[in-house]
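Asker: Mind having a look at this structure? Questions to follow.
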Amino acid sequence: MPSRRHVIADDLRHQISSGQLKAGERLPSEAQLATRYTVSTATLRSALALLQGEGLVEKIHGNGNFVRHPLRRITYAGGAAAPAPWTAFSAPLRMTARTTNIKAPSHLTTLLNLPPRSSLNEVLFTTHEGKTPHGLAHIYVPHGFAPATPPLPEQIAARLADLRPPLSEVQERVSARLPTLEEAETLRISPSLAVLSLTRVTTDSTGRVIEAALLVLPGDRADALFTTRFVTEERSSKK
């Protein structure tokens, strides 16, 4: 026998698919829905979490639950071909960014191979497709590799591209995990929806780490694609 949360989720899912609840429409409050279905608020929230995980409903902090517009999957295509993480998506995204100077905490000094409390430029940015938040990123660049404070993200990318010695390697590690509560709230996703967590580290030809990027992408609207191209050399034999 289906649980109450699945019964509620099925009913709301039917209302969405049949058009009774339209994209962008605000659902009744959680208290009202709990009363309507004669369940506790906890059970009602559990049912909504199922729909949030499916990408049918989004919860906007302080405003309530809304029927989500159909989501388009966007691909993150990384590697050295992308000069900066925010240029690596398959569709144009709107970006909001904030740049500050910080003293590197221990996990960043390890990642960037720097002395403790080294100065870093930190770029915090959120990408959006339309009004829908699409991803979060923290970009860290040692202070000597970026323009004067506070640098813009595009200024950092230009400075890194012109470095001498030049860039040599971009290493990216992708894993799946659950979002933090802050990430779930910012991305308007359920805390039970997995995200892609991507760590990108860029080094120059001397082996120095000159940039680290920590990206978080919702699993219901993002793919990660990595392509390796092999260069073949044609040799013609002498006659």
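Asker: Take the stretch 2-32 and flag every residue that is under 13 Å from Asn65 (Cα atoms), without any contact (Cβ under 8 Å) to a residue 12 or more places away in the chain and in a helix (DSSP H, G or I).
Answerer: If the condition is that a residue be under 13 Å from Asn65 (Cα atoms), without any contact (Cβ under 8 Å) to a residue 12 or more places away in the chain and in a helix (DSSP H, G or I), then Ala31, Gln32 are the ones that fit.
Asker: Another question, if that's okay. Which pairs do you get when a residue that is modelled with pLDDT under 65, found in the stretch 65-87, comes within reach of a residue that is among the aromatic types (Phe, Trp, Tyr) and outside any loop (DSSP other than H, G, I, E, B), reach meaning Cβ atoms under 8 angstrom, with the pair 6+ apart or on two chains?
Answerer: Hits for this filter: Trp86/Phe125.
Asker: Let me ask another. Which of the residues that make up the stretch 96-137 are closer than 30 Å to Val57 by Cβ and surrounded by 15 or more Cβ atoms within 10 Å (Cβ to Cβ)?
Answerer: Applying the first criterion (closer than 30 Å to Val57 by Cβ) to the stretch 96-137 yields 96-98, 124-137.
The answer is Ala97, Phe125, Thr126, Thr127, Glu129, Thr132, Pro133, His134, Gly135, Leu136, Ala137.
Asker: Next question. Is it the case that Leu187 is in contact (Cβ under 8 Å) with a residue 12 or more places away in the chain, in contact with a Lys or Arg (Cβ under 8 Å, 6 or more places away or on another chain) and surrounded by 12 or more Cβ atoms within 10 Å (Cβ to Cβ)?
Answerer: On the way: in contact (Cβ under 8 Å) with a residue 12 or more places away in the chain: yes; in contact with a Lys or Arg (Cβ under 8 Å, 6 or more places away or on another chain): no; surrounded by 12 or more Cβ atoms within 10 Å (Cβ to Cβ): yes.
Considered against the rule, which asks whether it is in contact (Cβ under 8 Å) with a residue 12 or more places away in the chain, in contact with a Lys or Arg (Cβ under 8 Å, 6 or more places away or on another chain) and surrounded by 12 or more Cβ atoms within 10 Å (Cβ to Cβ), Leu187 comes out as no.
Asker: Go through the stretch 134-239 and tell me which strands (runs of 3 or more DSSP E), entirely inside it, have 2 or more residues that are within 11 Å of the chain's Cα centre (by Cα) and at pLDDT 90 or above.
Answerer: Values: elements: 167-177, 195-204, 209-218, 222-225.
It comes to 195-204, 209-218.
Asker: Being more than 11 Å from Ile8 (Cβ to Cβ) and surrounded by fewer than 18 Cβ atoms within 10 Å (Cβ to Cβ) is the filter; apply it to the stretch 35-57 and report the residue that is modelled with the lowest pLDDT.
Answerer: The selected residue is Glu54.
The values are calculated or read from the model by the stated rules, or taken from the named source; none is laboratory data. Keep in mind it's a predicted model, so treat the numbers as computed, not measured. Neighbour counts are summed over all protein chains in view; Cβ atoms, including those assigned to glycine, are modelled from backbone coordinates with ideal geometry.
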